[in-house]
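The values are calculated or read from the model by the stated rules, or taken from the named source; none is laboratory data. Predicted model, so just to flag it, every value in this text is computed and none were measured. Note: ideal-geometry Cβ built from the backbone for every residue, glycine included; neighbour counts use all protein chains shown.
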Amino acid sequence: MLNIRNTHDRSDLRSQSLDLLRFPLAVVVLVVHVFTISEVAFGGLRLHVRDFPLFEQVRCFLDAFLRGQSVPIYYFISGYVFFLGAEMTRKVYVRKLNNRVKSLLLPYVIWTMLAVLLLIVFTCVPLGMYRAEAATLTFSWKGLLSAFWAYHGELEGRNVDSTFPLNVPLWFVRNLMVVVLCTPLLYWLLKRAKFYTVMLLGLIWLVVPFCGVNTLSFEVSFFFFACGAYMSICKKDMLSIFGYHFRLFTILYVALSVLYMMVEEPYPQLAMAVKQWNVLAGLFFAYGFSIWLLQHGVCRPNAFLSSASFFVYVSHSLIVYKIFKLLALLICPHSDLSLLLTYVLTIVVTLSVLLVLFYLLLHYAPKVLNVMTGKKL
């Protein structure tokens, strides 16, 4: 149990704990996306990562402990902050909606169009190993619009199964905008049914993956946003709730992660259920751990990294596979260790490039950066 006795700085601790989470969560998304790359192609050769047993164990470990953890926590934070300190009147709703046009919709359009522009460049311009393989530009307005919602390869003459926008991480923003539009109804339900609303949305979240229904992951968005909103609307003490259960959910998080590793291959349906409970335990663990770090003086939120988290989140998928391909060509991985080195360096180089770019924009083009990240001018 975490010891939380001081009352005068509880609000500051709560704010710092949320800020402390933002950048690590973005890095977790980057790590997961890098380790989902299942083929290494260089010099006309293709290596399948399943041919490297040690590397596969590392991938399985990261899949169990990290996959699916970040975005639900982002939704939780979004729901909590959206309703913090304000009654949901029509005036407040319109004001918040206008703010979200600047903080969500405008960056969403900008980063999607950047993804479309890069797609056109890498499809049409001879760029050696970076030119898209077996792809031809097939422009249509329907294809362009699909890049903003659920992209199936329409602009490349491909047919891929996807529920994500062209810039994959933007599915979080896409769904969040829809949830924000529904906040008056969500507010009304939470004010009257309180935790029963959260339970209902949680049940839907648990059941939907087993129904074979394409929901574009909206069950994830509404459930975790509602969890955070419930904390705000019903004025629950997050520090006490998360702090009191910290040890329990740390044990659950680790145990469920290990269990997932054990059942992923032989029992995939069971693994899906285990992963969901693992993600829920991960929410409690992550927030409780951030409180523990702050209370014990281990670290403090870094303003630069915290402000760079959204930039890293929405931009990494535009360059990460290009960097991976370059490193694979340079390293020519033929062993578990060299393959693992390729993946780790991809993470390090991608993160370094994006942080340097963010720093340059912050100092030399702050207004441009503010528009791209949805910050106030």
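Structure values in brief
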{"item": "Members of segment 58-96 found to be surrounded by fewer than 14 Cβ atoms within 10 Å (Cβ to Cβ) and either hydroxyl-bearing (Ser, Thr, Tyr) or under 23 Å from the mean Cα position of the chain (by Cα) (or both), listed by number", "result": "89"}
{"item": "Residue pairs meeting the criteria (Cβ under 9 Å; at least 6 apart or on separate chains; first closer than 21 Å to residue 375 by Cβ, in segment 86-103; second surrounded by 14 or more Cβ atoms within 10 Å (Cβ to Cβ) and polar (S, T, N, Q))", "result": "86/232; 96/183; 97/183; 103/373"}
{"item": "Residue among 342, 350 that is closer than 28 Å to residue 109 by Cβ, crowded, with 20+ Cβ neighbours inside 10 Å and not hydrophobic (A, V, I, L, M, F, W, C)", "result": "350"}
{"item": "Members of segment 222-231 found to be out of contact with any Lys or Arg (no Cβ under 8 Å at 6 or more places or on another chain) and farther than 22 Å from residue 295 by Cβ, listed by number", "result": "222, 223, 224, 225, 226, 227, 229"}
{"item": "Candidates 29, 40, filtered to the one that is crowded, with 20+ Cβ neighbours inside 10 Å, over 29 Å from residue 234 (Cβ atoms) and at pLDDT below 90", "result": "40"}
{"item": "Elements of type helices (runs of 4 or more DSSP H) in segment 211-270, at least 1 residues being modelled with pLDDT of 95 or more", "result": "218-233, 246-263"}
{"item": "Residue list for segment 315-342, filter: of a type in the set (S, T, N, Q) and over 25 Å from the mean Cα position of the chain (by Cα)", "result": "335, 338"}
{"item": "Residues being in contact with a His (Cβ under 7 Å, 6 or more places away or on another chain) and of a type in the set (A, V, I, L, M) - total across segment 303-352", "result": "1"}
